[in-house]
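Okay, structure first, notes after.
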Amino acid sequence: MANSLDNVIQIAQESFVDSLANSTEDYARCCEVLSFEGGQAKLMATNAGGLAQEVTSGTTSVTASDLTSGISNVTQQAFVLKHQVPWAQLNWSYELARDVGSQLANAAAQNINKLYFDGLESLFGLNHPMAGAGAGQVGAGKHFLDTGLAFAQGAAAAGTQANLMTAALSETALDSARQLLRNYKNQQALPMNMGGNGDLVLVVGPKNERVAKELISSELSGADMQSNTFRQYADVVVYPFSTDEDDYFLIDRSKSPVGIWMGEAPTIEVRESDDGIFVNMVAKFQASFYTKAYEFGIIGSNVP
């Protein structure tokens, strides 16, 4: 019995939805996924201001502690994946419609994965949204991942810190990244003490997969054969980086300043071509890599 167009539509849509539900969304393991419609998002952070005056039982007035604000603008992007199948082939094959629906779902998921992980790699050269010499800014000419990032600039508690490393992945390097997270301060110069909530992810390329999993899974540490304090310290996510397979990132997911904004979840449309010769299967989605106006919550190593 030949297929009808209605059958093809139903089979392709069911396959698309099922495959999408079972797809590998590696980006979702690394960050907060924002989900709302719109063409542009404004992500805000409160910046420098310092500690307000303590209020006691004898206090009759206080001096306000002003905060500055930082805003990061994100523009939504739309994507379309199109596959054209001869109607004659679909007419007698239920499996062909199912296979195309599944492959389109996988392609959509992997495009979003690549959008996120390419975004991570771009942070080494991305201008910081709050670059500048003013109050609440992080210093002139600074990148999102950098050294000498200012906090509480212009206030008494002003100082600098780093979320950039260059060391190859090792036990010592991971310990350095841990210390950077623990010591990191926000723009009010308050210690964030990140990394102790069990919500960390170590993002590596395939070249570092073995080292990463040994660091996180082994019961004993390197040459000293002592108890491995990094055992189950973080979730390991492996993705083939586009730029440098030696790079890696340690991210506190609960405070991550970067992620994916999903404006429209992937959907599929199936329709016959105007000439009736082909059936067009089109997957559509809207997604963007975002950075917030602050950088705390991520450490990156740009290995030479």
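Remark: the stretch 135-151, residue by residue, has Karplus-estimated 3J(HN,Hα) of 4, x, 9, 9, x, 5, x, 7, 8, 4, 10, 7, 9, x, 6, 7, 10 Hz, where x stands for each Gly or Pro and the curve is 6.51 cos²θ - 1.76 cosθ + 1.60 at θ = phi - 60°.
For the stretch 182-252, state the average projected area of the convex hull of the C-alpha atoms over all orientations, rounded to one decimal in nm². Please report the intermediate quantities before stating the final value.
On the way: hull surface 24.1 nm².
Computed as one quarter of the Cα hull surface, the answer is 6.0 nm².
Electrostatic bookkeeping for S102 treats Lys and Arg as +1 and Asp and Glu as -1; over the other residues with beta carbon under 15 Å from its beta carbon, the sum is -3.
Only helices enter this figure: runs of n ≥ 4 DSSP H residues, each worth -39500 (n - 2.57), summed and divided by the residues of the chain, yield -8000 deg cm²/dmol at 222 nm to the nearest 500. If you sort W261, W87 by accessible surface, 1.4 Å probe, largest first, the order is W87, W261. For the stretch 172-304, rounded, prolate or oblate, judged on the Cα gyration tensor with a ≥ b ≥ c (square roots of eigenvalues), a/c < 1.5 rounded, else prolate if a/b > b/c? Prolate is the answer for the stretch 172-304, as a/c is 1.5 or above and a/b outweighs b/c. With viscosity set to 1.306 mPa s at 10 °C, what whole-number translational diffusion coefficient in µm²/s follows for the stretch 160-206 from Stokes-Einstein and a Kirkwood radius over Cα pairs? The diffusion coefficient I find is 134 µm²/s. Considering only beta bridges that DSSP places wholly inside the chain, some 85 percent are antiparallel. Going by a ≥ b ≥ c, the root eigenvalues of the Cα gyration tensor, does the stretch 264-304 fall in the rounded group (a/c under 1.5), the prolate group (a/b larger than b/c) or the oblate group? Prolate.
With only the Cα atoms considered, the stretch 76-180 has a convex hull volume of 161 Å³ per residue. Hey, which of these cross-link pairs are over 30 Å Cα-Cα: K213/K284; K185/K207; K82/K292; K207/K255? Table pairs above 30 Å Cα-Cα are K213/K284; K185/K207; K82/K292.
Build a GNM of the chain with springs between Cα atoms under 10 Å apart, and of M165, M44, M262 the one that fluctuates most is M44. Ordered by 1.4 Å accessible area with all protein chains kept, L181, L34 run largest first as L34, L181. Rounded, prolate or oblate: pick one for the stretch 114-249, where a ≥ b ≥ c are the square roots of the eigenvalues of its C-alpha gyration tensor, a/c under 1.5 means rounded, and failing that, prolate if a/b is larger than b/c, else oblate. Oblate shape, in that a/c is at least 1.5 and b/c is the bigger or equal ratio.
Within the listed set T59, T291, T75, the Gaussian network model of the chain (springs between alpha-carbon atoms below 10 Å) gives the highest mean-square fluctuation for T59. DSSP finds beta bridges in the stretch 114-268, and of those with both partners inside it, around 75 percent are antiparallel. In this structure the amide hydrogen of G132, modeled in the peptide plane, comes within under 5 Å of the amide hydrogens of V138, G139, A140, G141, K142, none closer than 5 places in sequence on its chain. Beyond 11 Å, the tail of the calculated P(r) for the stretch 2-42 holds 75 percent of the Cα pairs. Here the relative contact order of the chain, from alpha carbon pairs under 8 Å that lie six or more residues apart, stands at 27 percent.
Across the chain, how large is the tail of the calculated P(r) beyond 25 Å, expressed as a percent of all Cα pairs? Write out the running numbers ahead of the final one.
Details: 26883 of 46056 pairs.
Cα-Cα pairs of the chain separated by over 25 Å account for 58 percent.
Just reorder E209, E295 by solvent-accessible area, largest first, 1.4 Å probe, all chains present.
Working: E209 65, E295 10 Å².
Largest to smallest exposure gives the sequence E209, E295.
The values are calculated or read from the model by the stated rules, or taken from the named source; none is laboratory data. Since the structure is predicted, the reported quantities are computational estimates derived from the model, not experimental observations. In this analysis, Cβ positions are derived from the backbone assuming ideal geometry, glycine residues included, and neighbour counts consider all displayed protein chains. Note: accessible area is taken over every heavy atom of the protein model, side chains too, but ligands, DNA and RNA are not part of it. Shrake-Rupley method; radii C 1.70, N 1.55, O 1.52, S 1.80 Å.
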